[in-house]
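What follows is one structure encoded as structure tokens, with my remarks underneath.
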Amino acid sequence: MSTTTTTAVASPPRTTVQSLRGGFVLSAEAACRWATDLRGPDAPSLLPDEYHSLTILGTIIVAVQKVGGVGCGLHGTFAGDKYVACSHHQKKVFDVGLHEENLVSGVVPPSYQFKPNEVTARVEKLLDDAGVEHSEFRTVFSEHYREW
């Protein structure tokens, strides 16, 4: 009688590349008010909805890039839900399990978090000088990603 032994071959970990952004989260309403102000009094008013989200995004990108930031990104459950005025952006490789677990909780693991720097300070000053309500600096997953 012959016995056959099978050896389990460990499969390589599944990975995914995800974009991370470091910056300040703005509500749709705050981003809309700011973008409307940036566009000037002669421009049509914007609404904090998905239809106007790309105009809001593009307007904020230009303002943030003028102070050395990388731009602005959409953040949240749908386009135009929230915005992130960004001083940092980078793609990282994640283990799929770790990414899914952390994406659900919204917590970026400490080893992946950005550290504020001088660009961060300039972006925050831009927001503060304009009276824009925003979060503290944070690193977030880019659920909706737009190349800058």
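The values are calculated or read from the model by the stated rules, or taken from the named source; none is laboratory data. Treat the numbers as computed from the prediction; the structure is a model and nothing was measured. No Cβ is skipped: glycine too gets one built from the backbone with ideal geometry, and neighbour counts run over all protein chains shown.
Is it fair to say Val84 is modelled with pLDDT under 95, outside any loop (DSSP other than H, G, I, E, B) and surrounded by 16 or more Cβ atoms within 10 Å (Cβ to Cβ)? For Val84, the condition - modelled with pLDDT under 95, outside any loop (DSSP other than H, G, I, E, B) and surrounded by 16 or more Cβ atoms within 10 Å (Cβ to Cβ) - is met. If you filter the range 120-143 down to residues that are out of contact with any helix residue (DSSP H, G or I) (no Cβ under 9 Å at 6 or more places or on another chain) and within 14 Å of Tyr83 (Cβ to Cβ), you find that the one that is modelled with the lowest pLDDT is Ser142. Just one of (1) under 21 Å from Asp128 (Cβ atoms); (2) surrounded by fewer than 17 Cβ atoms within 10 Å (Cβ to Cβ); (3) at pLDDT below 85 fails for His75. It is (2).
Residues are listed down the side, and each one gets a yes or a no for (1) in contact with a Pro (Cβ under 6 Å, 6 or more places away or on another chain); (2) within 14 Å of Leu126 (Cα to Cα); (3) crowded, with 19+ Cβ neighbours inside 10 Å; (4) not polar (S, T, N, Q):
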| site | (1), (2), (3), (4) |
| --- | --- |
| Ser19 | no, no, no, no |
| Thr36 | no, no, yes, no |
| Leu46 | no, no, yes, yes |
| Tyr51 | no, no, no, yes |
| Ile56 | no, no, yes, yes |
| Thr59 | no, yes, yes, no |
| Ala63 | no, yes, yes, yes |
| Lys66 | no, yes, no, yes |
